[in-house]
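Report on one structure; see the data block that follows.
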Amino acid sequence: MKVSDCFIPTLREVPAEAEIPSHQLLLRAGFIRKLGAGIYTYLPLAWRVIGKIEALLKDEMDSIGCGEIRMPTLHPQELLEETNRWDVDVVYKLKDRREASFALGFTHEEVITDIARRDFRSWRDLPRLLYQVQTKFRDEPRPRGGLIRTREFIMYDAYSFDRDDAGMELSFQKFKTAYSRVFNRMGLPFVIAEADGGAIGDLDNNEFVVLSPSGEDTILICRETGYAANVECCPVLPPDPADAPIATNGNGNGNGDKPLEIVSTPGARTIDEVAGMLGTAPMHLVKTLIYLADGAPVAALVRGDHEVNEVKLRRLLNVAELFLADDTTVERITGAPTGFAGPVGLIGPRVIADHALSVMRNFITGANQADAHYVHVNVGRDFAPTEFADLRNALPGDPSPDDSRYLLTEARGIEVGHVFKLGTKYSAAMNATFTDENSHLQTIQMGSYGIGLGRTMAAAIEISHDGNGIIWHPAIAPFQVVIVVADWRDPAGLESGQALHDALEIRGIDALLDDRDERAGVKFKDADLVGYPVRVVVGKGLANGFLEIRARRDAASSREVPVLEAADAIAALLIELRDGPSEQQAAAA
């Protein structure tokens with residue numbers, strides 16, 4: 001293919017709307033164009049990348065016996081009501097001319113479960129693995145980062161159907177292994193992190209995360225053991241009593257229990273304000289947050305320098321809805337304005353304390369009255385929690401949950417894939433059953449698996465670019481080689497470039513011939529911006545029988561090769577680039 005035949009609308013300036021590198025470069029290099037908030041057109045180069053990612057996925061799905069299907073985008077209201085998901089807040093809804101209500105597909109669990117209950121009626125029909133590549137629609141409140149979080153996106157989603165837990169586990173591991181192969185073939189360094197299932201389910205699930213400063217997710221990692229978890233669900237081990245914070249000024253923990261005392265703290269509502277007024281550190285305070293859990297009040301207690309993990313709290317309480325109480329509700333429950341709640345004398349709410357409080361002594365809490373706090377508070381003597389639990393977000397420096405000898409570090413990451421064990425969450429709700437060998441009805445065990453194709457493309461750019469543009473891995477590059485004819489007016493140069501292009505295409509190498517009537521410098525800048533893995537220059541060396549080849553990721557790799565050996569040299573270079581990570585990718589890994 002020739003550049004003169006392609007639509008590649010590159011930009012010289014960085015668009016003001018783009019904040020992260022992948023968004024900037026996808027716009028500048030002519031891959032995407034914005035239509036509205038979180039809505040993008042994929043231009044030819046982007047669509048080629050998407051096609052290559054999809055081809056890798058299809059290859060790996062074939063290897064595990066997963067069949068491709070295509071499900072509808074329109075989902076009837078009645079179907080989503082079977083699982084109580086019609087009123088999910090991200091759903092786009094519409095009515096047809098007969099006033100029937102539909103949702104645009106935001107996931108496809110209900111649709112695939114409907115297929116299962118109709119067609120997987122016998123144990124002989126199981127196990128079964130199915131997947132699709134389909135557009136999803138979600139009314140995201142804050143689309144951001146270009147293709148990182150959008151309202152309309154292309155997603156590969158797969159589903160497994162098994163007879164029992166053991167079969168579900170086997171399918172789950174098949175997809176984890178297949179996903180690992182896919183991302184490795186893309187040259188995409190990743191970690192597999194424990195994750196929260198959210199609305200999908202609470203059974204085992206993992207995120208495939210590409211580490212990047214632009215990522216939305218906070219990941220806790222143990223470098224020594226390889227453990228990784230999203231902060232939403234990373235466990236925190238109970239503290240050693242020897243690690244309790246010790247205060248030095250009489251306010252906060254001390255070596256002996258001190259008498260409970262109420263002190264005036266006018267206008268001090270936040271942890272920092274109270275700590276500053278009383279001359280102590282936030283770690284010596286306990287904050288009391290009032291929640292409504294399915295409408296019932298709950299008080300969550302954590303150390304002043306810690307944050308409540310609402311995912312852990314929701315799981316502990318096993319509730320569908322969990323919200324922070326508003327100011328009016330807080331005052332009704334505690335008798336005090338927001339900022340002055342505390343556990344001493346609190347009547348009504350279930351009181352759940354983080355494990356850290358079990359080793360704290362003489363700490364500070366709100367006094368359940370305006371402008372007042374208690375000092376020298378002690379668990380047991382002054383109040384008794386309903387229970388202790390892991391309630392807080394894990395932090396860098398915490399012991400790793402899988403080996404307390406090592407400490408966690410923190411990183412930002414982009415979730416590019418997710419694997420879920422659904423169990424019977426959807427099959428039970430929708431009566432998807434099968435008859436076993438003994439003619440007994442059993443509920444199908446399900447799994448759900450997804451990869452965002454556009455987000456994966458963006459993540460690849462986030463971890464592989466430089467000041468000049470994108471650096472594509474050969475497996476997913478829109479074209480693997482660009483052949484730049486330095487002087488478009490030179491017939492010999494154009495002929496030589498075309499011959500090399502054809503030779504590469506015969507070898508199965510995607511090549512693009514830059515035949516434009518532009519200066520060589522413009523062509524070089526565009527080649528670097530788009531990020532073709534290999535650049536070939538047909539220039540002055542042609543008179544002596546040589547072409548220049550260079551790897552995009554390494555400017556120092558530029559060398560001259562004889563024209564007759566160029567195709568072999570390029571093929572060898574692409575293998576080298578395919579099998580070895582760039583410096584940026586190695587650093588990200």
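Residues in the range 512-522 that are without any contact (Cβ under 8 Å) to a residue 40 or more places away in the chain and either assigned to a loop (DSSP other than H, G, I, E, B) or out of contact with any Gly (no Cβ under 8 Å at 6 or more places or on another chain) (or both): Asp517, Glu518, Arg519, Gly521, Val522.
Please indicate, with yes or no, whether at least one residue in the range 436-450 is at positive phi and either within 24 Å of the chain's Cα centre (by Cα) or not assigned by TED's automatic domain parsing to the domain that holds Tyr156 (or both).
Step one: of the range 436-450, the residues at positive phi are 439.
Within this subset, residues satisfying the condition of being either within 24 Å of the chain's Cα centre (by Cα) or not assigned by TED's automatic domain parsing to the domain that holds Tyr156 (or both) are none.
For the range 436-450, residues at positive phi and either within 24 Å of the chain's Cα centre (by Cα) or not assigned by TED's automatic domain parsing to the domain that holds Tyr156 (or both): absent.
The set of residues from the range 365-383 being assigned to a loop (DSSP other than H, G, I, E, B), touching a Pro at 6+ places or on another chain (Cβ under 7 Å) and either free of Cβ contacts under 8 Å to residues at least 60 places away in the same chain or surrounded by 23 or more Cβ atoms within 10 Å (Cβ to Cβ) (or both) comprises just one member, Ala370. For beta carbons closer than 9 Å, sequence separation of 6+ or different chains, a first residue in the range 161-172 that is in contact (Cβ under 8 Å) with a residue 40 or more places away in the chain and a second that is among the polar types (S, T, N, Q) and surrounded by fewer than 20 Cβ atoms within 10 Å (Cβ to Cβ), the qualifying pairs are Arg163/Gln442; Asp164/Gln442. Exactly one residue out of Ile39, Ile20, Ile32 is in contact with an Asp or Glu (Cβ under 6 Å, 6 or more places away or on another chain), closer than 27 Å to Ser212 by Cα, among the aliphatic types (A, V, I, L, M) and touching a residue at least 12 places away in the same chain (Cβ under 8 Å): that is Ile39. From the list Tyr92, Tyr156, the one residue that fits, being touching a Gly at 6+ places or on another chain (Cβ under 7 Å) and of a type in the set (Phe, Trp, Tyr), is Tyr156. Scanning the range 1-17 for residues that are touching a residue at least 60 places away in the same chain (Cβ under 8 Å) and either within 20 Å of Thr150 (Cα to Cα) or of a type in the set (A, V, I, L, M) (or both) yields Met1, Val3, Ile8. For the range 523-540, what are the residues that are hydrophobic (A, V, I, L, M, F, W, C) and in a helix (DSSP H, G or I)? Scanning the range 523-540 gives Phe524, Ala527, Leu529, Val530.
Listed residues Gly342, Gly348; which is modelled with pLDDT under 95 and of a type in the set (Gly, Ala, Ser)? Going through Gly342, Gly348 in turn, the sole match is Gly348. Among the strands (runs of 3 or more DSSP E) confined to the range 1-104, the ones with at least 1 residues that are in contact with a strand residue (DSSP E or B) (Cβ under 7 Å, 6 or more places away or on another chain) and buried (at least 19 other Cβ atoms within 10 Å of the Cβ) are located at 32-36, 39-42, 74-76, 101-104.
Residues that are among the charged types (D, E, K, R) and either modelled with pLDDT under 95 or surrounded by fewer than 19 Cβ atoms within 10 Å (Cβ to Cβ) (or both) within the range 529-549 comprise just one, Lys540.
Residues in the range 502-544 that are in contact with a strand residue (DSSP E or B) (Cβ under 6 Å, 6 or more places away or on another chain) and more than 21 Å from Gly51 (Cα to Cα): Asp514, Asp515, Lys523, Asp528, Arg535, Val536, Val537, Val538, Gly541.
Taking the listed residues Glu415, Glu387, Glu410, the one that is among the charged types (D, E, K, R), without any contact (Cβ under 8 Å) to a residue 40 or more places away in the chain and out of contact with any Lys or Arg (no Cβ under 7 Å at 6 or more places or on another chain) is Glu387, with no other qualifying.
Applying a threshold of 9 Å to beta carbon distances and a minimum spacing of six or more residues, or different chains, the list of pairs starting in the range 214-225 at a residue that is within 21 Å of Gly146 (Cβ to Cβ) and ending at one that is among the acidic types (Asp, Glu) and modelled with pLDDT under 95 reads Ser214/Glu19; Asp217/Glu232; Thr218/Glu232.
What are the residues in the range 320-329 that are touching a Gly at 6+ places or on another chain (Cβ under 9 Å) and either part of a helix (DSSP H, G or I) or buried (at least 16 other Cβ atoms within 10 Å of the Cβ) (or both), if any? Scanning the range 320-329 gives no hits.
Hey, does the range 464-475 have a residue that's in contact with a helix residue (DSSP H, G or I) (Cβ under 8 Å, 6 or more places away or on another chain), modelled with pLDDT of 95 or more, within 23 Å of Ser558 (Cβ to Cβ) and of a type in the set (D, E, K, R)? The answer is yes, given that some residue of the range 464-475 is in contact with a helix residue (DSSP H, G or I) (Cβ under 8 Å, 6 or more places away or on another chain), modelled with pLDDT of 95 or more, within 23 Å of Ser558 (Cβ to Cβ) and of a type in the set (D, E, K, R). Scoring Ile192 on the criteria (1) surrounded by fewer than 20 Cβ atoms within 10 Å (Cβ to Cβ); (2) more than 30 Å from Ser464 (Cα to Cα) leaves a single failure, condition (2).
Residues in the range 332-364 that are under 17 Å from Pro266 (Cβ atoms) and either assigned to a helix (DSSP H, G or I) or within 38 Å of the chain's Cα centre (by Cα) (or both): 7 in all.
The values are calculated or read from the model by the stated rules, or taken from the named source; none is laboratory data. All of these numbers come straight from a predicted model, not from anything done at the bench. Glycine gets a Cβ as well: all are built from the backbone with ideal geometry, and neighbour counts include every protein chain shown.
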